[in-house]
Amino acid sequence: MPQLLEHIDAIARKLNRDVLYLEFLKAQRPHHMDYRSLESRSHIMRWLDREGIEWRECGQVASETVMRSYAGEIFINVPFDETDDQYRKLQAFLEYPDGTMRFEDVRFYVVSLQFAMKNAHHDEPGFWDRWADNF
């Protein structure tokens, strides 16, 4: 069944704050392996669920010049705040103390609200319909 996913920058604008986001690298897996088969992704989702941390699938930063298929990206609904206990727990799970990732096929990003605002025009009613008409 088709599913409509929000882009991570739209989520940042909707929440009016910086947001956390995971990408799963295609280069680290065989061509036949789908994101749903990634053990790292499954492990992370199970951990998030056990910890009661809200997450959902999302799209990459929206682009008017590039079309990409969904590759397993996840928005994690924890504020980017190094004093926040939940953020520190998440960071310790995903990263070693030196900041390198514990999972070689995962990238942990912060999408700042300032960056997300560059695409604020995407939120105008009918923007994507007009864009598709001119594609």
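The values are calculated or read from the model by the stated rules, or taken from the named source; none is laboratory data. Predicted, not measured: the structure shown is a model, and the values here were computed from it. FYI the Cβ positions are ideal-geometry reconstructions off the backbone, even for glycines, and counts take in every protein chain you see.
Might you let me know whether the range 5-26 holds any residue that is loosely packed, with under 12 Cβ neighbours inside 10 Å, modelled with pLDDT under 85 and within 16 Å of Ser69 (Cα to Cα)?
No, the range 5-26 has no match at all.
Name every residue in the range 97-123 that is touching a Lys or Arg at 6+ places or on another chain (Cβ under 6 Å) and over 17 Å from Gly59 (Cα atoms), in order of residue number.
Within the range 97-123, no residue meets the criteria.
Please list, ordered by residue number, the helices (runs of 4 or more DSSP H) wholly in the range 1-119 having 3 or more residues that are free of Cβ contacts under 8 Å to residues at least 40 places away in the same chain and among the charged types (D, E, K, R). Give the derivation first.
Values: elements: 8-15, 39-50, 85-94, 113-116.
So the answer is 39-50, 85-94.
Looking for whichever is hydrophobic (A, V, I, L, M, F, W, C), touching a His at 6+ places or on another chain (Cβ under 6 Å) and over 18 Å from Leu48 (Cα atoms) here; the options are Ala120, Ala71, Ala62. Which one fits?
Working: Ala120 fails: touching a His at 6+ places or on another chain (Cβ under 6 Å); Ala71 fails: touching a His at 6+ places or on another chain (Cβ under 6 Å).
That would be Ala62, the only listed residue that is hydrophobic (A, V, I, L, M, F, W, C), touching a His at 6+ places or on another chain (Cβ under 6 Å) and over 18 Å from Leu48 (Cα atoms).
Run Asp49 past the list (1) modelled with pLDDT under 95; (2) acidic (Asp, Glu); (3) loosely packed, with under 13 Cβ neighbours inside 10 Å and report the number of the one that doesn't hold.
Of the numbered conditions (1) modelled with pLDDT under 95; (2) acidic (Asp, Glu); (3) loosely packed, with under 13 Cβ neighbours inside 10 Å, the odd one out for Asp49 is (1).
Which residues, counting only those in the range 97-122, are modelled with pLDDT of 95 or more, farther than 18 Å from Phe80 by Cβ and of a type in the set (S, T, N, Q)?
Matches in the range 97-122: Thr100 only.
Can you name the condition, by its number, that Val66 falls short on among (1) touching a strand residue (DSSP E or B) at 6+ places or on another chain (Cβ under 8 Å); (2) at pLDDT below 95; (3) among the β-branched types (Val, Ile, Thr)?
So Val66 meets the others, but not (1).
Which ones in the range 59-115 are of a type in the set (Gly, Ala, Ser) and either within 16 Å of the chain's Cα centre (by Cα) or surrounded by 13 or more Cβ atoms within 10 Å (Cβ to Cβ) (or both)?
Keep residues of the range 59-115 that are of a type in the set (Gly, Ala, Ser), which gives 59, 62-63, 69, 71-72, 92, 99, 112.
Once the filter is applied, which keeps residues that are of a type in the set (Gly, Ala, Ser) and either within 16 Å of the chain's Cα centre (by Cα) or surrounded by 13 or more Cβ atoms within 10 Å (Cβ to Cβ) (or both), the range 59-115 yields Gly59, Ala62, Ser63, Ser69, Ala71, Gly72, Ser112.
Among the residues of the range 101-135, count how many are in contact with a strand residue (DSSP E or B) (Cβ under 9 Å, 6 or more places away or on another chain), farther than 19 Å from Arg13 by Cβ and not aromatic (Phe, Trp, Tyr).
Taking the range 101-135 and keeping what is in contact with a strand residue (DSSP E or B) (Cβ under 9 Å, 6 or more places away or on another chain), we get 101-103, 105-113, 116, 119, 122.
Imposing the further condition that a residue be farther than 19 Å from Arg13 by Cβ reduces the set to 101-103, 105-108.
So of that shortlist, the ones also not aromatic (Phe, Trp, Tyr) come out as 101-102, 105-107.
Count: 5.
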